[in-house]
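Accompanying notes for the structure given below.
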Number of protein chains: 2
Amino acid sequence: MVTLESFLNRLNQVGTLDDLDTAILSLSDELNVEHVVYHSVNSSGDQYAVTTYEPHWVDHYLGSDYARIDPVVQACLRRFHPVDWKRLDWSGKAARNFMQEAVTAGVGNQGFSIPIRGPSGQFALFTVSSKDTDDTWVKYTEEYTRALILASHYVNQKALEIEKGTDQADIVTLSPRETDALTMLALGYNRAQAADSLSISEHTLRVYIESARFKLAAMNTTHAVARAMNQGLLRV
Amino acid sequence: MVTLESFLNRLNQVGTLDDLDTAILSLSDELNVEHVVYHSVNSSGDQYAVTTYEPHWVDHYLGSDYARIDPVVQACLRRFHPVDWKRLDWSGKAARNFMQEAVTAGVGNQGFSIPIRGPSGQFALFTVSSKDTDDTWVKYTEEYTRALILASHYVNQKALEIEKGTDQADIVTLSPRETDALTMLALGYNRAQAADSLSISEHTLRVYIESARFKLAAMNTTHAVARAMNQGLLRV
DNA sequence: CTGCCCCTCCCTATATATGGGGAGTTGATA
DNA sequence: TATCAACTCCCCATATATAGGGAGGGGCAG
């Protein structure tokens, strides 16, 4: 089993985003692939990406908002386990054209992408890709899957740590009743029903909602619920 | 490095929840701990739990809604990386009392909990705990962390797979405009502002919202946004 | 023991969202 | 080429949420 011991050790020394960049980029050798990509989006929409892809492909991808049609991204948003590109559904014009372009841009025909979810709605993708035959790739993924999962975990952990000095999410705390109130609203109840479910008056409920809205700096109820969910404050 | 090879192989054979139960419970030997807990909550609120804790402790925990004050749960909700219990903040009356009760119930004084996040807002905890000295525990976690991360990943993967036949999330797709509309609302804009931002009439916007609400089987806008976010349909 | 946060209740306008209709254009897929 | 889904626009009445006040009791930490 591949352990990536030296990479994980190097990662431990990383203190800045630049270090992390270097460490991630150096991974392609260790992992025996042509390309490595780490791309993270947090709940504020801030993005951080490291990639060995051609800059013009990256620009084109972002400019065309390809994340919307990229089957890899779509699959990763819905799955928990890593995704082998060739096991996805590539029928559909948009997907085929996209793959065509990607291959032309040197991305490689084989790829393996790991979805990573962090607190506060953070979502990241860790991808390795190469030009390879199906057989070689099957063996590769069998051998490397666990190492890739661990690598992605530690890379993401490090990225979060650097981003906020720690991997702790922003400390906005709602009182139990505020959480209750937002939870009921997130479940689709209107204020009357929510108040009823919580056995309090609608007036009281409203106080909680307003208080929560204030804490979350939200403009309205929907916004408050969205922010609370993004920050992992609501278990709906 | 500990690899848990035999556990992961056994996990591969698992086909039912009962099998999974057995496999998880058998882990305590392999992991050299007294207790193992796997507890998953999905976006529908369905829960699945396997634990070696005393049933009366589990009942008491659930009945008292201890998840709300349990510092381990609270930390896991906010963190990405595994949590060593003793590195948490145990000041505060509620937390200390809780820990006291837990120890009395045979949970053990040392523990290590791994937060796991899946698609559609799924959240799970994988915990090992024991009665041990601090020194022993430090060595233990150093040696086992990677194995525990992998084990938690595969256990969760298996649980998702069994739950829905696959680890794919429910297939509800929103059209781009529907997504846009919900996104603007989740960002706190009201309908007029949202319509303006998307350069469409408010009437049109409303059609998208209603359509999205229908697809998501939501009772109102807030509900629709909540469901969409829970299902990973919105990147806010 | 004091301040701070949480829980609970009340009123009245006004702004905003919802429900239920109908209809024409484009684009892709079958 | 036919069909389906997505995108766009419009009206009207009603239900619901929001904004702005104010007020008392309880618990916990410094």
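Label-to-label distance, A:Arg10 versus B:Tyr48, with points set 7 angstrom from Cα along the beta-carbon direction: 3.8 nm. For A:Glu143, the distances from its label point to the matching points in the remaining copies are 2.9 nm, ordered from shortest, with each point set 7 Å beyond Cα toward Cβ. Just B:Pro115, B:Pro71, B:Pro55 to compare: in a GNM of chain B, with alpha carbon springs under 10 Å, which one fluctuates most? Highest fluctuation of the listed residues: B:Pro55. For chain A, relative contact order (Cα pairs under 8 Å, six or more residues apart, normalised by length) works out to 19 percent. The Cα center of the stretch A:125-199 and the Cα center of the stretch B:144-164 differ in position by 15 Å.
Which one, A:Pro71, A:Thr3, A:Val14, projects farthest toward the positive side of the charge dipole computed for the protein assembly as shown from Cβ point charges (K/R +1, D/E -1)? Going by the Cα projections, it comes out as A:Pro71. Ligands, DNA and RNA left out, the accessible area of the stretch A:176-230 computed with a 1.4 Å probe is 51% carbon and sulfur. The contact between chain A and chain B removes approximately 4800 Å² from the accessible area (both sides summed; 1.4 Å probe; ligands, DNA and RNA excluded).
Per-residue extension of 0.36 nm, minus the Cα-Cα distance of B:Ala67 and B:Leu17, leaves a gain of 15.6 nm for this segment. Taking each DSSP H run with n ≥ 4 as -39500 (n - 2.57) and averaging over every residue of the protein assembly as shown yields -17000 deg cm²/dmol at 222 nm.
Across all Cα atoms of the stretch B:1-101, the radius of gyration (one decimal) and Dmax (whole number) stand at 15.5, 45 Å.
Inter-copy label distances for B:Ile69: 5.5 nm (label point placed 7 Å from Cα along Cα→Cβ; shortest first). Translational diffusion of the protein assembly as shown was estimated from the Stokes-Einstein equation, with Rh taken as the Kirkwood radius over Cα pairs; at 10 °C and 1.306 mPa s the coefficient is 67 µm²/s. Summing Cβ point charges (Lys, Arg +1; Asp, Glu -1) relative to the Cα centre of the stretch B:5-164 gives a dipole of roughly 620 debye. Here is how far apart the B:Asp196 label points are across copies: 3.7 nm, shortest first, using a point 7 Å from Cα toward Cβ.
Restricting attention to the stretch B:5-164, close to 100% of DSSP beta bridges with both partner residues there are antiparallel. Rank B:Thr52, B:Thr136, B:Thr22 by mean-square fluctuation in a GNM of chain B with C-alpha springs under 10 angstrom and give only the top-ranked residue. Checking each option, the largest mean-square fluctuation is seen for B:Thr136. Chain B versus the axis that turns it onto chain A: the residue with the nearest Cβ and the distance in whole Å amount to B:Arg117, 2.
The values are calculated or read from the model by the stated rules, or taken from the named source; none is laboratory data. Worth saying up front: this structure is predicted, and the values here are computed from it rather than measured. Please note: Cβ atoms are built from the backbone with ideal geometry, for glycine as well, and neighbour counts cover all protein chains shown. The area values use the complete protein model at the heavy-atom level, side chains included, leaving out ligands, DNA and RNA. Shrake-Rupley method; radii C 1.70, N 1.55, O 1.52, S 1.80 Å.
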